[in-house]
Structures are given as structure tokens and as C-alpha cells.
Amino acid sequence: MKQETSASPKCDSPLDAVVVGAGFSGLYALYRLRDRLGLNVRVYEAGGGVGGTWYWNRYPGARCDVPSYSYSYSFSEELDQEWRWSEKCAPQPEIEHYLNHVTDRFDLRRDIRFNTRVISATYDEASRVWTIGTHDSGTNEHWSVQARFFISAAGLLSTGNIPPYKGLDTFKGETYFTGAWPHEKVDFRGRRVGIIGTGSTGIQVIPVVAQEAAHLTVFQRTPHYSIPSRNAPTDPRTEQEIKANYPELRRKERHSPLGLPDDLPTQSALEVSAEERWRIYERAWQAGGFRLLVDSFKDLMTSREANRTISEFLAEKIRERVRNPEIAEKLIPKHPFGTKRPALDTEYFETFNRSNVTLVDLKATPIEAITPDGIRTRAGEHALDSLIFATGFDAFTGSLVRMNIRGRGGVRLEDHWAEGPRTLLGFASHSFPNLFMICGPQSGVYFNVARNIEQHVDWIADCIQYMRQHEYVSIEPTTEGEARWAACVQDAANATFIPETDSWWVGANIPGKPRVMLRYIGGTVAYRNACAEVAAKGYEGFVLTRGAAGTAAASVSERTSVEST
Ligand code: FAD
Ligand code: NAP
């Protein structure tokens, strides 16, 4: 039986750093700060295990779409050599298993508190220390701990978005959100299932559930581009080649715009004849996955005319894959390709050829209410036994603002970001000293997020190391530094037409969220250079402060640096 919540929180011994989240980011941050910098670090994780995205998103069909040999850590050559991926794009259980393996191999588990949510973080100016409040859902206890550094690894896609439909609570059947899927298998046999959402997640779930359910009704608001992933079991020869060349492949990933070990195309889509262009698209399409970006043309996202050619190619492919021309037209996106994150699929469009699948176009017939027996649209009622929400996330800022973070003078992070996030490089915000964000808003996050995460963590660790070497106790961006970075984010966005389309990249999926570009889309190389330049100039755009530090802070400067020895 659960205890009553304690009135005043219990206090834990002070730490050098608190990290929120035990996904790809939090695990690497723990390793890097504890084992390489020698800090006293603890990770708090709301979930019951490690994995983050790969702990929560257990829905049928969940897998990565970036090839696993790239979508994995690169910091340990031994890890690269010993781990074996069974498929080109590994399924969720295997990625979760990998992250558990990493956790145990590097002895990380002992410093992670599971089932513990960070519910507040308050900066004290006098002691220059953060006080972090947590809630343990296992014991129902509140705890507080002090740390000099407060590091968010809380995830860019970890706070779910379930639209508050009228009548939602009245539904008599089962409801599921893909981002918090049950651990036990859900049996859809014989059931009439509805699914709302046709982004990357919906595109993965729909073909799998359609094979099991008696009937599947897909409620689509916006059609999405999708390319066949051509996923397959790992070919032993390819694996051998990758492992023989891993260091070089990892180096290339770090410096390529997509985080993949491939050179990008150099020719314009408009330089070649229409026939040649089609041939190039067709070849890349047959290869599957992101080959369509890697092996095609350089200007698909900068020239509207070039973009039209690939958008038309993909529309034609939908017409080929879907037998009913009326349904095919409903599935063809109207926005330019790549202005929402494209999806990869296995038999997604073909699923609409099945007799047990119905497509409902919500633009034509919007949802009026969820009823006890299903969903009522303007055209009538769809009877359902189960309802799946594949409706995405309050991306980048959702998990941060929900932590109730208060900086200097009690300023709340959500107030500082009321008109959209303000950061320097996506790592830090003015008025929030020693708060660092991994995959924060305005940071460089591209296709292979694993590569971005390592770069973010390395930059943050190097910054902390610099502070120790120079005896600084706090760091925060200036308002000018934030404004300069905001201009860079805006310039990069303006160089493309990506911001024109409604997507989670611009916050348009969440009603009331400021519509601003949430990623720096100038490319990995430009982003890495910007980060390196700021560091090389003694953290230009930041204010670094020397002086007496509180208990937790003092312990940092006293500790021997592992990296500097
Ligand atoms: P997460 O993995 O989201 O981990 C954050 C953790 O923080 C969560 O476990 C959460 O419980 C915890 N947390 C949040 N708030 C609190 C709090 N207040 N207190 C305590 N704990 C908290 N990227 C790719 O590059 N390739 C892919 O193929 C790919 N596929 C994806 C598939 C899905 C279904 C989704 C949703 C995302 C995918 N992504 C992919 C993006 C993916 O989110 C990142 O690649 C990466 O896993 C993010 O890792 P993270 O550790 O930063 O965040
Ligand atoms: P998403 O791309 O935001 O898609 C959410 C879907 O729900 C969209 O179709 C959206 O329609 C719909 N939706 C949202 N609110 C709605 C409402 N009120 N009424 C009707 N429909 C509504 O979210 P996601 O599919 O979970 O993907 C998010 C990101 O996670 C991806 O872009 C990708 O980066 C990552 N991901 C990757 C993989 C992979 O293949 N490895 C798998 C899943 C997710 P609109 O488009 O009209 O808003």
C-alpha cells in the first residue's frame, strides 16, 4: 500500500550534478561527467527503467529509422565492436536492450533513481546552488537534493500530446497513447480499433495493428510523406565491413549534416533532365530509407522547384501503392516534402488496400466528440472498442517547462520562454545559471539524434571542465548572446521553406504554443562550428562568475579532475 505524501521533503546529500532522464542523453551524460570528469552525479528518471524514448514507446512496429549501426553510441570502440544489431533498423526491444547493456557495461545503474520525477528546480543566488525537488512514485515520497549543475536530458520528444477531445473520459473501450504503451502485449484480435495520428509513429503502428484487428479506422488530419525503409536482417558481410571501418564511419557521421556516414549529393535537381532525375529518385527509392536524401540532390530543401520534383515523385509512388485512386489522393501530402520530418515505413500505404481498414479524412469531417462507443465526426459515428493516440509530443520545451524551473530572482523558465524559447546554442538560458540542456530548444538536432546527443554532452562536459580549470562557479548566457543565437536560428530557418508547414518542429502541433522554429536547422557542421567557436573564445556570449560557492558547488572545485590528469 502506498504511503501518504510526506509534508516536507526529505533531504539527500549534495551532488555536483543532477541529470534528469535516463535515455540516450542522460546515460551518456552520467558516464561523461562521472567517469571522465570525476563529478558526483545522480540521474533521476520518471520511468521504471533506462531507455527514455525506447522505454516508453513500446507500441507495435516501433523501431528506429536511422540504421542502428549509426543510431548508437560512438564513444566506445569496444562497445561498437562487441554489440551486434540483428536488423538494419532495430526494433524497440532491441534498442532498449542495448541501452540496458550500456548501463550495465559502464556501471551506470547505481547512480540512477528510477520511478522518480523531478518536480521542481530552484536556483539560489547566494549559494549558487540548485535545489531539486523530486517525487518517488514507488514510495510516494518527496525528496530534495542540492547540486551545482542541473542538467536536463529530459528528451525532445518525451511529453505526450493527447488532444483534449470533448467526451474523452466517456469512452467505454481502452485507450492507448503510443508514447506510454503498456509493457504487456495488447491483444487487438477481434477488436474494432481506431487510431488518431499519421506521423512517423502512426505510420509504424497502422500496418501492424491492421494485421491483427477486426477493423482499423485511421483518423488522418494531415497526410504524411513516407518512404519504404526496406528494413532487413543484418547482412553478416555488411556488419563485418562496418566493424572493420567503424572509427572512420563514426568520424564521418559526426561531420555529416544528417549524422550518417555518407557524402551528401552535390548536384541540383534542376541540373539534370526529368528522365535522369526520375531514374535517380527511383534508384534511391529502391535502396530505401534515407537513401532518397543521401543519393539524390543537394537543393531539395532550399529550392521550391527542386522540392516540387521529389514531392511529385513521392505522390506518384503513393498512387502506385494504393489501389483505390480516391483513397490514394487523400493520402497524398499537400505540403512540400521534408517540411515535416519524413517517415520510413513497412507497407504503410499498402495497408489501405486491406478490406478491414478505413481512412477518415479529418480535414473534410473533423472529430466532434469522443463518445462512449467510439468517435463522432461531422459525418457520423465510428464504433470502436479500442482507441490509439499517435498524436505526437509537446516537443523540445514540453518536458522542460513541466519541471517548474526557477532561476535567478525566482524567474520561471516558462515565463522567460513565453514568446518562444530563448537560449544560447540550445544549451543554456539567461537567468538560469548552471542549467544545461541536452537536445534543448534551438539546438542542432537532425536525423541521427544519437550523434547530436554525444556532441551536446561533450560540449557541456568541456564547459564544466573549463569552469573548474579557471575556478568559475557559475555560467549563464547574456541576453545579447541569446539574441545573437536567436538571429542565427531565424536566418537558418529563413534559408528554407520548412517553417511554413505546421509541424512539431515549429510548435504548431500544440494549440497555444508560440509558433517559432524549435531547432537550429543550419546543419550539423555549422552547428558544431558555432559551438566550437563559442568555446574557443572563452565561452563568448556567456557570463562566467568566480566567487564563493555553496556546499554542493564547493565539492566540484575540490575534486581532482580525471580528464586533466
Ligand atoms: P528521451 O529518450 O526522451 O529520454 C528522456 C527521459 O527523461 C525519459 O525517460 C523521461 O521519462 C525522462 N524525464 C522527462 N522529464 C522528467 C522529469 N521531470 N523527471 C524525471 N525524468 C524525466 N531519433 C533518431 O535519431 N532516430 C530514430 O530512429 C528515432 N526514432 C524515434 C522513435 C520514436 C517513437 C520517438 C518518439 C523518437 C525517436 N527519435 C529518433 C528521437 C529520440 O527521441 C532520440 O533519438 C533520443 O532517443 C532522445 O534521447 P534523450 O535521452 O535525449 O531523450
Ligand atoms: P507527429 O509527427 O507530431 O504526428 C502526430 C500525428 O497526430 C499527426 O498526424 C498529427 O496531425 C496528428 N494529430 C495531432 N494532434 C491532432 C489532433 N488534435 N487531431 C487530429 N490529429 C492530430 O508525432 P509522431 O508521429 O509521434 O512523431 C514525432 C517524431 O518522433 C517524428 O517526427 C520522429 O522524429 C520521431 N519518430 C521516429 C520514428 C521512427 O521511425 N524511428 C517513429 C516515431 C516517431 P497533423 O500533422 O495535422 O498535426
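The values are calculated or read from the model by the stated rules, or taken from the named source; none is laboratory data. All of these numbers come straight from a predicted model, not from anything done at the bench. All Cβ positions, glycine included, derive from the backbone under ideal geometry; neighbour counts span all protein chains shown. To get the accessible areas, we keep the full protein, side chains included, count just its heavy atoms, and leave off ligands, DNA and RNA. Shrake-Rupley method; radii C 1.70, N 1.55, O 1.52, S 1.80 Å.
Quick notes on this structure:
- In Hz, Karplus ³J(HN,Hα) per residue of region 131-141 (6.51, -1.76, 1.60; θ = phi - 60°; x = Gly, Pro): 10, 10, x, 10, 10, 8, 6, x, 9, 6, 9
- Computed with a 1.4 Å probe on the full set of protein chains, the accessible area for Leu37 sits at about 0 Å².
- FRET efficiency, 1/(1 + (r/R0)^6) with R0 41 Å, evaluated for Glu347 and Glu368 via beta carbons: 0.85
- Here the 3J(HN,Hα) profile of region 324-340, calculated from phi with Karplus coefficients 6.51, -1.76 and 1.60 at θ = phi - 60°, is 7, x, 5, 5, 4, 4, 5, 8, 8, x, 9, 7, x, 3, x, 7, 10 Hz, Gly and Pro shown as x.
- Estimated vicinal HN-Hα couplings, Hz - region 24-37 in sequence order (Karplus 6.51, -1.76, 1.60; Gly, Pro = x): 3, 6, x, 5, 5, 4, 4, 4, 5, 7, 7, 8, 9, 9
- Estimated from the Cβ-Cβ distance and a Förster radius of 25 angstrom, the FRET efficiency linking Leu264 and Arg105 is about 0.15.
- The residues His97, His224, sorted by heavy-atom accessible surface at 1.4 Å with ligands and nucleic acids left out, run His97, His224 from largest to smallest.
- Accessible-area composition of the chain, carbon plus sulfur, in percent [1.4 Å probe]: 50 percent
- Cα-Cα over 23 Å, subset of Lys243/Lys317; Lys88/Lys243; Lys334/Lys363: Lys243/Lys317
- Cα gyration tensor category, rounded, prolate or oblate, for region 414-476 with a/c compared to 1.5: oblate
- Whole-number percent relative contact order across region 130-188, with pairs defined as alpha carbons under 8 Å at least 6 apart: 22 percent
- Placing +1 on the Cβ of every Lys and Arg and -1 on the Cβ of every Asp and Glu, with no other charges, gives region 305-350 a dipole of roughly 180 debye about its Cα centre.
- Residue-averaged 222 nm ellipticity for the chain, from DSSP H runs of 4+ at -39500 (n - 2.57), nearest 500: -9000 deg cm²/dmol
- The chain shape via C-alpha gyration tensor axes, a/c threshold 1.5: prolate
- Per residue value of the accessible surface for region 1-147 (all protein chains in place, 1.4 Å probe), Å²: 38 Å²
- Gyration tensor (alpha-carbon) shape descriptor, region 268-422, a/c threshold 1.5: oblate
- The amide H of Val543, built 1.01 Å from its N in the peptide plane, has Glu476, Thr478 as neighbours under 5 Å, considering only residues 5 or more places off or on other chains.
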